[in-house]
Amino acid sequence: MYEAELPVALHGETAYVATTDRLLVFDTTNQQTRQTIRPEGGEPISTLTRGERNRAAPPVVTEGDSPLVLAPFLIRQAGAGTQAARDSAELVATDAKTGKAAWRLSLPLPDWTKGAPEPLTASVVGAAGNVAVVTLAHKDTVFTNASTTYAIDLTARRVLWSQEMFSAATLAGGVVVGEKRKTASDDYSTPAGYDLTTGAERWQGQEHINLELRPAGPNLIHLYARDRGDYRIVYERFLDPRTGEVRQNAVPVPARCRHDGASAVVCWGRDRVRGFDATTGTTLWQLPDEKAGRIAPQVTTVWHGRVYAKTANGTVALDSRTGADLPTPPVIAPDLVNAFTGIAISKSGDDVTAYQTAS
């Protein structure tokens, strides 16, 4: 199963922490919360209580001269007069420079959500240019994988297009890639790609069961699936997100993959770590390596050509292209890092510590 991402986004020295009912704007230089942003169109359907696991998706920071931090919330609008109460999603765009809410957009929930038991989730899958992609999804024994994906024009602040029974996983090269189902209760699904701005179908693959799609940088997406006709047959492949073509029939990949910002994709989990070429998907290195007497470290994140990790011997940093230990281990193994700040999460998940990134 794909491992959930930390519900935090970094922009400069500011951390944006999402929960199901608010967005916290956290100044990492003084460990203080600058702003608390809540949805305004109604009351949050779900609120985070003390001791409860935060299941919110990470916010997404857009690129450009006026970056926005995008976070969606599920809300319930109270009834008035003869108007019944109704649920909707509210996308909040926060100015990344000021930390203040810039605008909000209400998204009506699709028909399949009516009468569906919780949990319903909302996430921003990504953004490119002036378009962001938001997915509403539900997983339950009855509603197997119901989902709807929206493309949002961030300039006009409106929905460009939407696709029912499509759960977006990533976007690259102007294509939104994800899992397409015929119905909410269908056991089978297909990988598919849709044009980011028009919503036109660009490609669709074969039907599989237990399909999982994992982002793997700007040039690859990782596919895991079982054969529809024979459940024992497992497929693991790197696909071109623009065309759906197979780039590499991959070796088994651990739970999480991340592009290093340069030329490699690193995947980790299940006591394994592997590095792949970010364009071709070919294997560059893997750990553990019994011949070399090397173990697989516990990776925390990958950034700018480095793999940050922990071992029983302390923190380590690896070259993401070769897998070699770098000569100077980091003071901490951050769970999230940029040029200004590293964030580390305690083993219990209850405590967050921010560190200044070494220059």
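The table below lists the values:
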quantity: Conditions (1) on the phi > 0 side of the Ramachandran plot; (2) surrounded by 12 or more Cβ atoms within 10 Å (Cβ to Cβ); (3) at pLDDT below 90: number failed by GLY323; calculated: (3)
quantity: Matching residues in region 285-317 - criterion: being over 22 Å from THR328 (Cβ atoms) and touching a strand residue (DSSP E or B) at 6+ places or on another chain (Cβ under 8 Å); calculated: GLN286, PRO288
quantity: Strands (runs of 3 or more DSSP E) within region 11-104 that include 2 or more residues in contact with a Ser or Thr (Cβ under 9 Å, 6 or more places away or on another chain) and charged (D, E, K, R); calculated: 86-95
quantity: Leading residue by the ranking (modelled with the lowest pLDDT) among those in region 141-164 that are under 16 Å from THR121 (Cβ atoms) and among the small types (Gly, Ala, Ser); calculated: ALA146
quantity: Test: THR49 is under 26 Å from ALA128 (Cβ atoms) and not hydrophobic (A, V, I, L, M, F, W, C); calculated: no
quantity: Number of positions in region 214-231 that are in a loop (DSSP other than H, G, I, E, B) and either closer than 24 Å to SER185 by Cβ or of a type in the set (A, V, I, L, M, F, W, C) (or both); calculated: 6
quantity: Matching option when the condition is in contact (Cβ under 8 Å) with a residue 24 or more places away in the chain and over 26 Å from GLY205 (Cβ atoms), among ALA278, ALA309, ALA255; calculated: ALA309
quantity: Per-region count, region 337-353, residues modelled with pLDDT of 80 or more, of a type outside the set (Ser, Thr, Tyr) and either exposed (fewer than 10 other Cβ atoms within 10 Å of the Cβ) or within 12 Å of THR14 (Cα to Cα) (or both); calculated: 6
quantity: Lone unmet requirement of (1) over 18 Å from THR283 (Cβ atoms); (2) part of a loop (DSSP other than H, G, I, E, B); (3) out of contact with any His (no Cβ under 8 Å at 6 or more places or on another chain); (4) not aromatic (Phe, Trp, Tyr) for GLY261; calculated: (3)
quantity: Members of region 301-319 found to be among the hydroxyl-bearing types (Ser, Thr, Tyr) and either surrounded by fewer than 23 Cβ atoms within 10 Å (Cβ to Cβ) or in contact with a helix residue (DSSP H, G or I) (Cβ under 7 Å, 6 or more places away or on another chain) (or both), listed by number; calculated: THR301, THR311, THR315
quantity: So ARG158, is it of a type in the set (D, E, K, R), in contact with an Asp or Glu (Cβ under 7 Å, 6 or more places away or on another chain) and either buried (at least 21 other Cβ atoms within 10 Å of the Cβ) or touching a residue at least 24 places away in the same chain (Cβ under 8 Å) (or both); calculated: no
quantity: Checking ILE295 against (1) touching a Pro at 6+ places or on another chain (Cβ under 6 Å); (2) surrounded by 19 or more Cβ atoms within 10 Å (Cβ to Cβ); (3) hydrophobic (A, V, I, L, M, F, W, C), the condition it does not meet; calculated: (2)
quantity: Matching residues, region 189-209, being surrounded by fewer than 17 Cβ atoms within 10 Å (Cβ to Cβ) and at pLDDT below 95; calculated: GLN206, ILE209
quantity: Condition broken by GLY217, with the remaining ones in (1) in contact with a His (Cβ under 6 Å, 6 or more places away or on another chain); (2) more than 28 Å from VAL266 (Cβ to Cβ); (3) of a type outside the set (A, V, I, L, M) satisfied; calculated: (2)
quantity: Some residue of region 220-240 being over 17 Å from TRP303 (Cα atoms), touching a Ser or Thr at 6+ places or on another chain (Cβ under 7 Å) and of a type in the set (Asp, Glu); calculated: no
quantity: Within region 263-300, tally of residues that are at positive phi and within 24 Å of the chain's Cα centre (by Cα); calculated: 4
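The values are calculated or read from the model by the stated rules, or taken from the named source; none is laboratory data. On a predicted model such as this, the values are computed, not experimentally measured, just so you know. Neighbour counts run over all protein chains shown; Cβ positions are idealised from the backbone, glycine included.
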